[in-house]
Amino acid sequence: MQTPSENRIRDIVARLRAATSDLGQLAEAIDTAPPIMPAGRQRFAEKAALLLRHRQLRKRFLPVDLFQEPGWDMLIAVYIADRKGQPVNVKTLVAMVDAPATTAQRWIDHLDKLGLVSRATDPMDRRRIEVSLTGAGQAAMESYLDAIPEI
């Protein structure tokens with residue numbers, strides 16, 4: 001019989017695998033999506049996808065608890081989704097980060113208060129809330145991505 005701690009660890013590992021898979025699918029989609037944006041923005045989207053892949057790689061080689069950055073993971077995921085023209089709802093975004101749902105919700109609130117993301121009710125399903133970058137959030141992400149040296 002497993003202890004509660006062992007069960008909790010197995011649950012965390014399963015959630016991390018699912019989140020890594022979701023982020024990997026977003027990064028893969030960026031790699032295979034046809035360019036539908038100006039060259040500069042396409043370059044930013046490629047850099048964001050590369051950042052996601054790097055984040056996944058470090059989790060393969062180093063302890064996962066070193067990389068608890070749900071706010072950053074959310075910004076990258078929302079940026080990539082925005083560049084692809086795909087909406088991201090709160091439930092999907094919470095599933096993408098390596099944090100409990102309550103922590104993820106607090107980060108969404110915080111990012112909203114900072115003016116980096118906005119939330120809107122999905123017109124097709126009023127129970128769902130979509131999260132997208134604000135103009136300031138997009139500008140901040142693209143300024144950061146532009147400052148990253150070419151590899």
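Couple of notes before you dig in:
- When E130, E142 are checked against the criterion of being over 25 Å from R8 (Cβ atoms), buried (at least 17 other Cβ atoms within 10 Å of the Cβ) and out of contact with any helix residue (DSSP H, G or I) (no Cβ under 7 Å at 6 or more places or on another chain), E130 stands alone in meeting it.
- Within the range 117-127, restricting attention to residues that are in contact (Cβ under 8 Å) with a residue 12 or more places away in the chain and open to solvent by 50 Å² or more (accessible area, probe 1.4 Å), the residue that is nearest to R15 (Cα to Cα) is R119.
- Residue among A27, A49 that alone is surrounded by 11 or more Cβ atoms within 10 Å (Cβ to Cβ), out of contact with any Ser or Thr (no Cβ under 9 Å at 6 or more places or on another chain), at pLDDT 75 or above and under 17 Å from M141 (Cβ atoms): A49
- Looking across the range 64-96, the residues that are over 9 Å from the mean Cα position of the chain (by Cα), outside any loop (DSSP other than H, G, I, E, B) and within 23 Å of Y144 (Cα to Cα) come down to L66, D82, R83, K84, V88.
- The set of residues in the range 97-151 that are under 30 Å from R43 (Cβ atoms), assigned to a loop (DSSP other than H, G, I, E, B) and aliphatic (A, V, I, L, M) comprises V97, A99, L114, L116, I148, I151.
- Taken over the range 104-116, the criterion of being open to solvent by less than 20 Å² (accessible area, probe 1.4 Å) and either in contact (Cβ under 8 Å) with a residue 40 or more places away in the chain or among the β-branched types (V, I, T) (or both) is satisfied by I108, L111.
- Selection within the range 78-103 - farther than 24 Å from V13 by Cα and open to solvent by less than 20 Å² (accessible area, probe 1.4 Å): Y79, I80, A81
- Where a residue in the range 58-72 is closer than 16 Å to A104 by Cβ and its partner, wherever it lies, is open to solvent by 80 Å² or more (accessible area, probe 1.4 Å) and in a helix (DSSP H, G or I), with Cβ under 8 Å and at least six apart: P70/W107; G71/W107; G71/H110
The values are calculated or read from the model by the stated rules, or taken from the named source; none is laboratory data. Note that this is a predicted model, so its numbers are computed, not measured. No Cβ is skipped: glycine too gets one built from the backbone with ideal geometry, and neighbour counts run over all protein chains shown. These area figures cover heavy atoms from the full protein model, side chains too; ligands, DNA and RNA do not enter into them. Shrake-Rupley method; radii C 1.70, N 1.55, O 1.52, S 1.80 Å.
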